[in-house]
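Single-structure report; data block below.
The values are calculated or read from the model by the stated rules, or taken from the named source; none is laboratory data. This structure is a prediction, so every number in the text was calculated from the model and none was measured. Cβ: placed from backbone, ideal geometry, glycine included. Neighbour counts: every protein chain shown.
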Amino acid sequence: MRSLIGTRVALLLGLSLVLVHGPLLAADACSGFTWNVGDERTLFASAASPAPAGADSASAPILAPGRLYVLQLQPVSRVKFLAAPGRKTPEGAYAGLATLQIAAPGAYRISVNAPFWIDVVADGGLMAAKGFQGAAGCDAPHKIVAFDFPVARQVTLQFSGAASSVRVSITMESSR
C-alpha cells in the first residue's frame, strides 16, 4: 500500500512540475539559436502585415526590412519561380514570391515561422546563403537564413513549404 501511495505522490509531483514549468519549456524552444536573435524575436512578437505572395515577379509584393509580414501563398503549381528552387518542392506544397529592396549593403537575415525553403534570386540565379539557423519547436522565428548583399539592389525572395501562409521578417545583421 505504501508503495502505491508513493507512486501516486511521485506522479502528482511530476504532473505539477509539467503544468507549472511546461509553458517555460515551450518558450525555451526558441533559445536554441546561437546568434543574437533579439531583433527577430521582437518582430515576431508584433502584429504582422498581411500580403498575398506573388505567383510571378510582376505580382510579388515589396517587403521592407524591420517589419513582420504574413504572406498568403499559392499552390506551387501556380507559381513561376525566377530560378529553380534550391530544394525540390513536393506536389501539394505552397509557394510564393516577394521582392526585397536592399537600400544599404550589408548582411541581412530572412526569418520565417515554419520549416520553409527560402531562396534569394539576383541576376537570374540563386544567391548563396552566408549561414542559417533553426530552432525546432520555435515559431518566433523557426528558421533564419543570412545573406550578404555587397551592393544596394533589388532581389526576389522565393518561399516554398507545406503551409498556405508564412510569417516573414527581414532584419539587418547587427554587430552585437
**Request:** Evaluate the stretch 79-91: report whether one residue or more is modelled with pLDDT of 95 or more and of a type in the set (Asp, Glu).
**Result:** no
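Restricting attention to the stretch 121-142, report how many residues are surrounded by 21 or more Cβ atoms within 10 Å (Cβ to Cβ) and assigned to a strand (DSSP E or B).
Within the stretch 121-142, the subset surrounded by 21 or more Cβ atoms within 10 Å (Cβ to Cβ) is 138, 141-142.
Now drop any that are not assigned to a strand (DSSP E or B), which leaves none.
Within the stretch 121-142, residues that are surrounded by 21 or more Cβ atoms within 10 Å (Cβ to Cβ) and assigned to a strand (DSSP E or B) number 0.
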**Asked** Looking at (1) of a type in the set (S, T, N, Q); (2) closer than 20 Å to residue 162 by Cα; (3) modelled with pLDDT under 95, which is the one condition that is false for residue 72?
**Response** (3)
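State the number of residues belonging to the stretch 143-163 that are in a loop (DSSP other than H, G, I, E, B) and more than 18 Å from the chain's Cα centre (by Cα).
Going residue by residue through the stretch 143-163, those that are in a loop (DSSP other than H, G, I, E, B) are 150-152, 162-163.
Going one step further and asking which of them are more than 18 Å from the chain's Cα centre (by Cα), we end up with 150-152.
The number of residues fulfilling the criteria is 3.
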**Restricting the stretch 147-162 to residues that are modelled with pLDDT of 95 or more and aliphatic (A, V, I, L, M), the residue that is nearest to residue 123 (Cα to Cα)** = 155
**Fill in**
For strands (runs of 3 or more DSSP E) lying entirely in the stretch 31-114, having 1 or more residues that are closer than 25 Å to residue 131 by Cα and under 18 Å from the mean Cα position of the chain (by Cα) picks out 68-72, 94-102, 106-112
**Request:** Please tell me if residue 86 is touching an Asp or Glu at 6+ places or on another chain (Cβ under 6 Å) and farther than 24 Å from residue 39 by Cα.
**Result:** yes
**Complete:** In the stretch 70-120, anything buried (at least 22 other Cβ atoms within 10 Å of the Cβ) and aromatic (Phe, Trp, Tyr) is listed as 94, 116
